[in-house]
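Structure first, then comments.
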Amino acid sequence: MAPWFIIVALTISSSIDNLGVGLSYGIRKIRISIYSNFLIAVICFLFSVTGIYFGLWIATVLPGILPMILGAIILGIIGIRIILLTKPTKEKEEIAKLPTNTKTSYIGWGESIMLGIALSANALTNGVGAGLLGFSPFLISLLAAIGSFVTVWAGVEFGVKLINIRIGKYTIGEFGTVISGVLLLIVAVLVFF
């Protein structure tokens with residue numbers, strides 16, 4: 001399978017949740033400043049590079065094709081988990097119906113750090129899978145950080161306009177998350193071809 005496809009899929013998967021979070025902030029008229037967004041992207045980079053180096057280390061310990069098999073299994077499990085977590089629930093639908101703020105506000109540095117850590121979970125686990133498959137730590141981590149920055153910005157900017165648009169049972173943010181899970185499953189399967 002073409003390495004560029006895996007790199008694109010990992011980049012999208014690492015940052016697609018950020019789009020959904022950005023949308024949820026945008027609909028409530030809560031802004032994320034460029035500095036806060038940059039901090040979130042740096043945290044994403046650090047988590048991603050840590051995961052990749054851990055994956056590379058495991059690859060040196062495991063013999064033969066076991067690192068590739070383990071990497072594919074990890075990415076497959078993450079993909080399934082992402083798809084299952086986006087299942088629409090009544091609680092999510094009730095949250096979507098809550099009234100929005102009438103005044104615009106910004107998140108603080110503390111919330112930015114917590115948000116960065118929460119959003120970097122995918123980057124960390126995807127990084128382990130990428131490391132097991134032998135990808136460049138810097139390239140994957142840089143792309144994950146750029147993807148994080150762009151998707152958080154886009155989510156906030158388009159939140160008010162897009163949050164009520166649905167594709168089937170899913171909001172735009174949830175649908176994007178499903179796509180990222182499917183991409184990871186495709187990567188996990190195609191690693192063997």
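Scanning segment 57-96 for residues that are modelled with pLDDT under 70 and among the aromatic types (Phe, Trp, Tyr) yields nothing. Restrict the check to segment 132-143 and report whether at least one residue is closer than 20 Å to ILE83 by Cβ and at pLDDT 80 or above. The answer is no; no qualifying residue exists. Go through the residues of segment 146-159 one by one and say whether even a single one is surrounded by 15 or more Cβ atoms within 10 Å (Cβ to Cβ), touching a helix residue (DSSP H, G or I) at 6+ places or on another chain (Cβ under 7 Å), of a type in the set (S, T, N, Q) and modelled with pLDDT under 80. No.
Under 8 Å by Cβ, and 6 or more places apart or on different chains, what pairs join a residue from segment 125-151 that is within 10 Å of LEU10 (Cβ to Cβ) with one that is part of a loop (DSSP other than H, G, I, E, B) and at pLDDT below 85? That search, which allows pairs on different chains as well, returns LEU133/VAL191.
The values are calculated or read from the model by the stated rules, or taken from the named source; none is laboratory data. Source: prediction; values computed, not measured. Every residue, glycine among them, receives a Cβ derived from its backbone with ideal geometry; neighbour counts consider all protein chains shown.
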